[in-house]
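Asks: Structure provided below as structure tokens; questions to follow.
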Amino acid sequence: LCSSAIRGRSVLITGAAGSIGSELARQVLAFEPLNLVLLDNNESALHDLQLELTSVGGESALRAVVGDITNREKIRAVMQTVRPQVVFHAAAYKHVPLMEEFPEEAFRVNVLGTMNVFDAAAEFGVGKVVFVSSDKAVNPTSVLGVTKRIGELLVMARGTASETVFCAVRFGNVIGSRGSGGPT
């Protein structure tokens with residue numbers, strides 16, 4: 001099922017340099033997309049990921065794009081240029097204690113940035129958008145959980161509003177990810 005959804009298609013991953021986004025990139029590349037576009041605002045980690053994935057080889061065209069999902073015009077330009085058929089939206093602030101301290105940043109990135117990605121995807125005819133949510137969106141008790149739940153509600157609202165298929169997946173605590181409780 002994954003192969004038929006990805007092989008030979010143009011794929012964009014937001015938050016590609018993060019722990020979840022980079023693993024998604026590795027997994028997606030194994031299914032031989034036509035091209036794989038990696039978008040992140042962390043240029044050093046993005047460069048490292050691009051080098052790693054380029055060394056793996058394969059026929060897929062690989063492109064790194066430095067950008068921030070909260071920059072509406074940048075996201076529109078990327079979608080217009082790349083014309084992805086599949087988008088994995090993993091970009092988000094995910095650190096629970098810090099988001100409690102800076103709720104306005106969690107809202108700016110996790111809600112407004114997600115709206116930018118969804119709006120551009122619908123505008124430029126993306127076939128499918130997969131929103132990476134969190135187990136913390138279930139009966140949320142933290143700012144992170146609330147912002148991820150809002151993202152899920154946006155997915156549901158979009159479900160009937162465009163030709164683009166919007167869906168969400170909830171991840172629990174990912175061992176070894178940045179912000180994981182394991183090392184603590």
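Asks: Peptides 106-114, 2-10: what's the order by average Cβ count within 10 Å, highest mean first?
Replies: Highest-to-lowest ranking by the protection proxy: 106-114, 2-10.
Asks: Among (i) 33; (ii) 11; (iii) 22, which one is percent of Cα pairs over 31 Å apart computed from these coordinates?
Replies: So the structure-derived entry is (ii).
Asks: How far apart, in nanometres, would the label points at Ala61 and Glu32 be if each is projected 7 angstrom from Cα along the Cα-to-Cβ direction?
Replies: Result: 1.8 nm between the two label points.
Asks: Let me know the charge dipole size of the chain about its Cα centre in debye, to the nearest 20, where only the beta-carbon of Lys, Arg (+1) and Asp, Glu (-1) is charged.
Replies: Magnitude of the dipole: close to 400 debye.
Asks: Measuring from the lowest to the highest alpha carbon on each principal axis, how far does segment 1-99 reach, largest first, in angstroms?
Replies: 38, 26, 26
Asks: Can you tell me the relative contact order of the chain? Whole percent, Cα pairs under 8 Å, sequence separation 6 or more.
Replies: Here the relative contact order equals 19 percent.
Asks: Give me the lysines in straight-line cross-link reach of Lys136: C-alpha distance below 18 Å, same-chain residues under 8 apart excluded.
Replies: Of all the lysines, those that pass the test against Lys136 - Cα under 18 Å, at least 8 places apart if same chain - are Lys94, Lys148.
Asks: Shifting gears a bit: Would you kindly derive the ³J(HN,Hα) couplings of segment 82-94 from the backbone phi angles with the Karplus curve 6.51 cos²θ - 1.76 cosθ + 1.60 (θ = phi - 60°), listing them in order in whole Hz, with x for Gly and Pro?
Replies: Ordered by residue, 3J(HN,Hα) equals 7, 6, x, 9, 9, 10, 9, 9, 9, 5, 5, 7, 10 Hz.
Asks: Something else: Using the Cβ atoms and a cut-off under 9 Å, what net charge is assigned to the surroundings of Gly67, where Lys and Arg are +1 and Asp and Glu are -1?
Replies: Cβ neighbours under 9 Å give a net charge of -1.
Asks: Further, regarding this structure: Taking amide H atoms as placed 1.01 Å from N in the peptide plane, list the residues 5 or more away in sequence, or in a different chain, whose amide H sits under 5 Å from that of Ser133.
Replies: Val169, Arg170, Phe171
Asks: Using 7 Å Cα-to-Cβ label points, what is the Glu100/Leu51 separation (nm, one decimal)?
Replies: In this crude spin-label approximation the distance works out to 3.7 nm.
Asks: Starting from the Cα of Lys74, draw a straight line to each of the lysines and keep only those under 21 Å, dropping any in the same chain fewer than 8 residues away.
Replies: Result set, ordered by chain and number: Lys128.
Asks: Sticking with this one: Given the DSSP H assignment, sum -39500 (n - 2.57) over each helix run of at least 4 residues in the chain and divide by its residue total; what's the result at 222 nm in deg cm²/dmol, nearest 500?
Replies: Roughly -12500 deg cm²/dmol at 222 nm, from the helical runs in the chain.
Asks: Could you tell me what percent of the accessible area of the chain is made up of carbon and sulfur, with a 1.4 Å probe and every protein chain present?
Replies: Percent of accessible area from carbon and sulfur atoms in the chain: 56.
Asks: If I model a spin label at Asp135 and Leu112 as a point 7 Å from the Cα along the Cα→Cβ vector, what separation in nanometres do I get?
Replies: Label-label distance for Asp135 and Leu112, simple model: 3.1 nm.
The values are calculated or read from the model by the stated rules, or taken from the named source; none is laboratory data. Everything numeric here is computed off the predicted structure, so don't read it as measured data. When we count neighbours, we look across all protein chains shown, and the Cβ atoms used for this are built from the backbone with ideal geometry, even at glycine. Note: areas computed on protein heavy atoms with side chains; ligands, DNA, RNA excluded. Shrake-Rupley method; radii C 1.70, N 1.55, O 1.52, S 1.80 Å.
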